[in-house]
Amino acid sequence: MSFLDLFSSHADLYASARPRYPETLFAFIASQSPAQDRVWDCGTGNGQAAVSLSKHFKQVFATDPSEEQIAHAARAANIDYSVQPAEATTLPGRSMDAVCVAQALHWFRFDAFFAEVSRVAAPGALFAAWGYTWFRVADDFDAAFRDFVFDVIAPYWAPQNKLLWDGYVDVPMPFARVQVPAFSIEATWNLHQLLAYVNTWSAARRCMAERGVEFLQSAERKLQPLWGPSGETRLVTMPLHVLAGRVD
């Protein structure tokens, strides 16, 4: 396989456990696009962003190199899914009013990808890439989570993740930057739902493949007293890093 595939083996879990992006983000993207006819959702994964974009654009072209991810992607009548790499697609030239990348830009080969964006983007199209990193619950819980989970899986992260952790500041985007308001994900989860999300992390999957699932089960037992009664829900917040530019 020619791309770094860390998610196909658990595409169904990825689709069910990943948090949802704020709808205000997609309204902003549509408002900043020269038209709302066609948008390319690149690295669509489970199709979460594609479905939200389908409410603001007439046609969504959603691509991903993983057949498993596309097979589990959410559907809508105006979404055209296809298995294609980010760096070379069959999309027509100068056709897209916006190009979006949700939680995937750090996996791409930048020179080839941005050349492809320039090829398919309509004049004045908006490019927007975003991702989230660490969540916030409460200071005591966050500190314990860092000890019992973050520190355990730290050696298992792929180096590309650092680009996201640093807020995409080192991504060589060749387009004029567009100022973006602050966006964040807010989810109301119980502890089991939070750990199901953690179970989709590439580093967590690698750690469990090597060490077994016991570490996450042990972490749940240690974290439960700080969380509260079993089944209790709490607000989980994840700020978004957004990189946006105008394709000239």
Scanning segment 87-114 for residues that are in a loop (DSSP other than H, G, I, E, B) and within 20 Å of Arg246 (Cβ to Cβ), the one nearest to the chain's Cα centre (by Cα) turns out to be Phe108
Pairing a residue in segment 73-94 that is over 11 Å from Val60 (Cα atoms) with any residue that is charged (D, E, K, R) and surrounded by fewer than 17 Cβ atoms within 10 Å (Cβ to Cβ), where Cβ atoms lie under 6 Å and the two sit 6 or more apart in sequence or on different chains, gives Val83/Glu67; Glu87/Arg109; Gly93/Arg119
Checking Ala62, Ala11, Ala30 in turn, the sole residue that is part of a helix (DSSP H, G or I), closer than 19 Å to Phe127 by Cβ and either modelled with pLDDT of 95 or more or not acidic (Asp, Glu) (or both) turns out to be Ala30
Condition first: more than 19 Å from Phe113 (Cβ to Cβ), out of contact with any His (no Cβ under 9 Å at 6 or more places or on another chain), of a type in the set (Asp, Glu) and assigned to a helix (DSSP H, G or I). Can you find one or more residues in segment 72-81 that meet it?
no
_Taking the conditions exactly as written (surrounded by fewer than 15 Cβ atoms within 10 Å (Cβ to Cβ), part of a loop (DSSP other than H, G, I, E, B) and at negative phi), does Val169 satisfy them or not?_
yes
query: Is it the case that segment 126-142 has a residue that's in contact with an Asp or Glu (Cβ under 7 Å, 6 or more places away or on another chain) and on the phi < 0 side of the Ramachandran plot?
result: yes
Filter segment 20-59 for residues that are of a type in the set (D, E, K, R) and touching a residue at least 40 places away in the same chain (Cβ under 8 Å); the one that is surrounded by the most Cβ atoms within 10 Å (Cβ to Cβ) is Asp41
Out of (1) touching a helix residue (DSSP H, G or I) at 6+ places or on another chain (Cβ under 8 Å); (2) buried (at least 17 other Cβ atoms within 10 Å of the Cβ); (3) farther than 24 Å from Met238 by Cβ, the one Ala121 does not meet is (1)
Considering segment 180-201, residues that are touching a residue at least 60 places away in the same chain (Cβ under 8 Å) and either in a loop (DSSP other than H, G, I, E, B) or hydroxyl-bearing (Ser, Thr, Tyr) (or both), and then whichever is surrounded by the fewest Cβ atoms within 10 Å (Cβ to Cβ), we arrive at Pro181
Going through segment 202-248 in order, the residues found to be farther than 23 Å from Ala154 by Cβ, of a type in the set (A, V, I, L, M, F, W, C) and outside any strand (DSSP E or B) are Val247
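The values are calculated or read from the model by the stated rules, or taken from the named source; none is laboratory data. This one's a predicted model, so the numbers in the text were calculated from it and none came from an experiment. Backbone-built Cβ (ideal geometry, glycine too); neighbour counts: all protein chains shown.
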